[in-house]
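Okay, so here's the structure we're looking at.
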Amino acid sequence: MTTRSDRRGIAPPAVPFTRPDIGDDEIAAVVRVLRSGWLTTGPVVKEFEAQFATAVGSRYAVAVNSGTAALHLALEAGGVSAGDEVIIPTFTFAATGEVVRYLGARPVLVDVQREDLTIDVDAVIAACNSKTKAVIGVDMGGQPCDWGRLRDLSTRRNLFLVDDAAHALPSSSDGRMTGGYADMMAFSFYATKPITTAEGGMLTTDNEGWAARAELMSLHGISRGAWRRYSHEGTWRYEILAPGFKYNMTDIAAALGIVQLRRSSAMRERRAAIAATYTAELARLGCLEPPSTAANRTTSWHLYMIRLNLDSLTLSRDEFIDELKKRGIGASVHFIPLHLHPFYRDAYGYQPSDFPVAYHEFERVVSLPLYSTMSDEDVARVVDAVTEICGEHGK
Ligand SMILES: *Cc1c(COP(=O)(O)O)cnc(C)c1O
């Protein structure tokens, strides 16, 4: 019999960029749902929503089938419509911008702060005008935005404030759960995110009206409790109250989510310990800057984003990632700023230099592997590879 390692020689296994942390409890929970006779939105989703609301300190939680759906429903509930402008950071994933377009509104991009790559609040203020309806902050890699200032601004200008918390579970600013400042927050449970349901998302808010609207629109605009219509308590009769969407979460996904939520603090602790090791080992290398967290904020440690000091290296960021790959280490880049993509360039005429911080930092940012299933040996391999590359390619 030939094993994989025989074929590859004696090289130790590669450290992938990310790997979900799925244990026997998750598997058992999914199997229980599969045997229950009820697969899609039902009692397990309701239970997940209740537990999630408690965990993040929100009054209401609405489970959906992606973080993108959660963002879309948040803006819809907030009344964003055609002709409105929504201010978002250019340094984010595709989803943050496309949901603005779903509603016929205009995504207005702004730059980010150099220190933590979150939205620059001064730039938000400069971009506000009479058409501005909402602002979306993104907790980049789990680092909270300056939510205190964003909240003040939004209250003063009557703007709807949304937290793209896809990376943020769990994190805090000034002792408060990150999105406690926003009108609505949108979480993602995509396979690479801090907790996963394979695909999934959650909307949270303290406002009953917005929660009810999001729940209604998440399932065809059919009146609340529609999922019951196939159960013995349900009835076949329903009413369409608005032209909604098909965004409901399955009980299979929710079963995974309940177990992952229970483990979220423990998984974060492991990531924080790995991040502490990285910073202790990498901070002394002159070739890079480790991530920093602002005072009074805690990060979820979803991502460990280093910034290369390109002046002290003979290679580019892309070549640095290639060198990691040669050593069996996965890496990624978060994110290619929206304004550098063809759609945003062509639709809105953005130039690379329009957002100098995002442009400059994008050229030198690298996300290293950071997930709870990494072994100490995996962590040491990453540190050794980065140290070696800096040594071999330093100026
Ligand atoms: C992953 C992600 C989303 C979207 O989440 P999905 O669950 O994949 O739809 C939104 N915003 C950011 C910043 C993300 O990283």
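Here are some notes:
- Segment 309-323 - residue that is touching a strand residue (DSSP E or B) at 6+ places or on another chain (Cβ under 8 Å) and touching a residue at least 60 places away in the same chain (Cβ under 8 Å) and, of those, surrounded by the most Cβ atoms within 10 Å (Cβ to Cβ): Phe320
- Criterion (buried (at least 16 other Cβ atoms within 10 Å of the Cβ), out of contact with any strand residue (DSSP E or B) (no Cβ under 9 Å at 6 or more places or on another chain) and of a type outside the set (Ser, Thr, Tyr)) met by exactly one of Gly97, Gly104, Gly42: Gly42
For every residue, the table says whether it meets (1) under 17 Å from Arg268 (Cβ atoms); (2) within 16 Å of the ligand (Cβ to nearest atom); (3) among the acidic types (Asp, Glu).
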site: Ile125; (1), (2), (3): no, no, no
site: Pro144; (1), (2), (3): yes, yes, no
site: Arg149; (1), (2), (3): no, no, no
site: Leu159; (1), (2), (3): no, no, no
site: Asp164; (1), (2), (3): no, yes, yes
site: Leu169; (1), (2), (3): yes, yes, no
site: Asp174; (1), (2), (3): no, no, yes
site: Gly179; (1), (2), (3): yes, yes, no
site: Phe187; (1), (2), (3): yes, yes, no
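- Of the strands (runs of 3 or more DSSP E) lying entirely inside segment 141-218, the ones with 1 or more residues being touching a Leu at 6+ places or on another chain (Cβ under 7 Å) and of a type in the set (D, E, K, R) are found at 160-164.
- Contact annotation: residue pairs with Cβ atoms under 8 Å, 6 or more positions apart or on different chains, pairing a residue in segment 144-164 that is under 26 Å from Ser188 (Cα atoms) with a partner that is among the acidic types (Asp, Glu) and in a loop (DSSP other than H, G, I, E, B), are Cys145/Asp139; Gly148/Asp174; Ser154/Asp183; Phe160/Asp183; Leu161/Asp183; Val162/Asp183; Asp163/Asp139; Asp164/Asp139.
- Residues of segment 258-277 include none that is at pLDDT 95 or above, within 16 Å of the ligand (Cβ to nearest atom), surrounded by 23 or more Cβ atoms within 10 Å (Cβ to Cβ) and aliphatic (A, V, I, L, M).
- Pick from segment 324-339, criterion in contact (Cβ under 8 Å) with a residue 24 or more places away in the chain and outside any loop (DSSP other than H, G, I, E, B), ranking: farthest from Glu361 (Cα to Cα): Ile329
The values are calculated or read from the model by the stated rules, or taken from the named source; none is laboratory data. Just so we're clear, the structure is a prediction, and the values are computed from it rather than from any experiment. Positions of Cβ are generated from backbone atoms using ideal geometry, with glycine treated the same way; all protein chains shown enter the neighbour counts.
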